[in-house]
Every structure is written in structure tokens, then in C-alpha cells.
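Notes to accompany the following structure.
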Amino acid sequence: MEQNKLCDYGCGKPALFRFKNGKLCCSSSTNSCLIKRKKNTVHMLKEWSNSNSYYGSDKWLKNNSEGIKKIWNNKNSVYHTEKYKQNQKEGTKKAVSTEEHKKIVSKNSKNYWNSLEYSKRKELILKIANSQRKLETRLKRSNTMKKLRKETNNYNDAGKKLSLYLKEHPINRKKDKNSNWKGGISFNPYPDLFNNNLKNKIKNRDNNQCQNPLCVNRSKRLTIHHIDYIKENLSETNLITLCNSCNVRANSNRKHWTKFYLEIILLKGLKCQD
């Protein structure tokens, strides 16, 4: 090899090898020459983006993918050797540690976080997580209720005990962080006069139907709702028959529902007591 000869591919390094085509190169393979590798990359990108070329055709993609699958499925191939795996890890660590790579990742991450796709995916994940939490909470409550009903043999007594139990052992509750939190008044037990006789009386007055005109009949179970949300107020004008679905819905936006159900009571001809 003649001295002071440089690589013919333009990298500026001294030539160490001569190929069969007569060209000099800094390495035994053109893939190891940085300039030649960049030129090959640019050329192949153009070929892949051109659907009329062989490398951009479906036939090449299919043959290439099948060839790669055969290589990966062959456990004796170079891709399954410890040396190859180690080289891959070291190469990845070097590439990730560069400042250029960090800037690209940071830019792409910010663009993704501000995108509509990320916001929709985040909403979907939060919905799934919330539904999972609600399901777990319901299961825990139902299991606790079953145990209490076995102990008391009475549904009403079991409900009161469950309220006291949940007050001492809150299940997945955010308390004051929740917009519907009212200081824990829902844990207060109902008065003894709020019994089945009074409930049946109110249900008969309301023809055993949910009194919410917007009800979609999601639940067949009827409950007695306190319009002013005060459990001690057992006035008949403060009680109204609702299905379980409408009763649960009334726990949010209480001012609206208080006014809404008071108007229904007035339409019935009942005088509300202050």
C-alpha cells in the first residue's frame, strides 16, 4: 500500500485497504467508512420512498421480512450470540448518552405531550383507571355488606352498621379532595323514624314510580330521597320517591336538584315546610 494515500470515499482518513475495483478505503469494509455509510443511507432512503423502485415494492418488503424472520428464528445465527447482544447494548448506551440524542428525544416528547393524540389517550387511561377503582370499591362494599347482613339478619341494621364501618375504614375515598365532599355527613346514621312504614307511605303517595320526569328507567329499585339532603328532616314534603340511578345522580350539583325536586313537590299540591 502506497504511503500518504487517503480514502477514496472522502472521509479524509489514510487508506489501509485496496478493493477489487481499485479504490482505496480506510477500512476493510465500506460499511465502516462514515462518509460511505452516510451516502448509502441517503441512497437507500430515496429507493425506499420510491414505490417504482425494487426496494420500494411490496415484493421486496415481503422477501426482506421473511428473510429477517428466518434469521431470527435460527438460534445458531450471529444475532443470538452473546457477542452480538453485548455489542448492541454498548452501541445503544453510546447513542443514548449523546447530547444530540437527548435533544431529539426531548423535542419529540414535548411535541407528543402537547398533541391531541396524547390528550385523548390520557383521558382514556384515566377513565379505565377510575372505572377499575369504582369496581374495586363496589366489590369491597358488597362483601362487607354481605358479612354484616349475615351477622344481623336485617337489611336496615346492616346498612347502618356499614355506614359506621365505612366511616372508620374509608375505601378509596379522596375526602376533602373530592368536589362532592360535605364533611362526611353521608356517614351519619338515619333516624329511627325513617323506617319502612314511612318509606312505603311516600312510595304509595308517588304511585310507586320514580318522580324524576327525566328518568330513563335504568334502575327498577325505588329509594326515598331527602330533597334538602338533611337526614333528620323527615317531613313528607322533604321526601320524594326516586329510582336508585336518579338518587345517585342527585349527589352532584345539589343546588340544582334541590330546586328541581322542590318544584315537583309544589306541582303535587304539597306545601313545603321551612
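The values are calculated or read from the model by the stated rules, or taken from the named source; none is laboratory data. Note that the structure is predicted; figures quoted are calculated from it, not measured. Neighbour counts run over all protein chains shown; Cβ positions are idealised from the backbone, glycine included.
Among the residues of the range 23-37, what is the count of those that are assigned to a helix (DSSP H, G or I) and either modelled with pLDDT of 85 or more or crowded, with 17+ Cβ neighbours inside 10 Å (or both)? Residues that pass the stated criteria total 2.
Yes/no per residue for (1) assigned to a helix (DSSP H, G or I); (2) more than 25 Å from Met44 (Cβ to Cβ):
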position: Asn63; (1), (2): yes, no
position: Lys70; (1), (2): yes, no
position: Lys75; (1), (2): no, yes
position: Tyr79; (1), (2): yes, no
position: Gln86; (1), (2): yes, yes
position: Gly91; (1), (2): yes, no
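Which of the following residues is at pLDDT 70 or above and not in a helix (DSSP H, G or I): Leu198, Leu126, Leu193? Among Leu198, Leu126, Leu193, only Leu193 is at pLDDT 70 or above and not in a helix (DSSP H, G or I). One residue stands out in the range 217-241 among those that are at pLDDT below 85 and touching a Ser or Thr at 6+ places or on another chain (Cβ under 8 Å): the one that is farthest from Asn204 (Cα to Cα), namely Arg218. For Asn244, the requirement of being at pLDDT below 90, within 14 Å of Gln211 (Cβ to Cβ) and in contact with a strand residue (DSSP E or B) (Cβ under 7 Å, 6 or more places away or on another chain) is met. Give me the residue from the range 4-13 that is without any contact (Cβ under 8 Å) to a residue 24 or more places away in the chain and surrounded by 13 or more Cβ atoms within 10 Å (Cβ to Cβ) and, out of that set, nearest to Tyr55 (Cα to Cα). Among them, the one singled out is Asp8.
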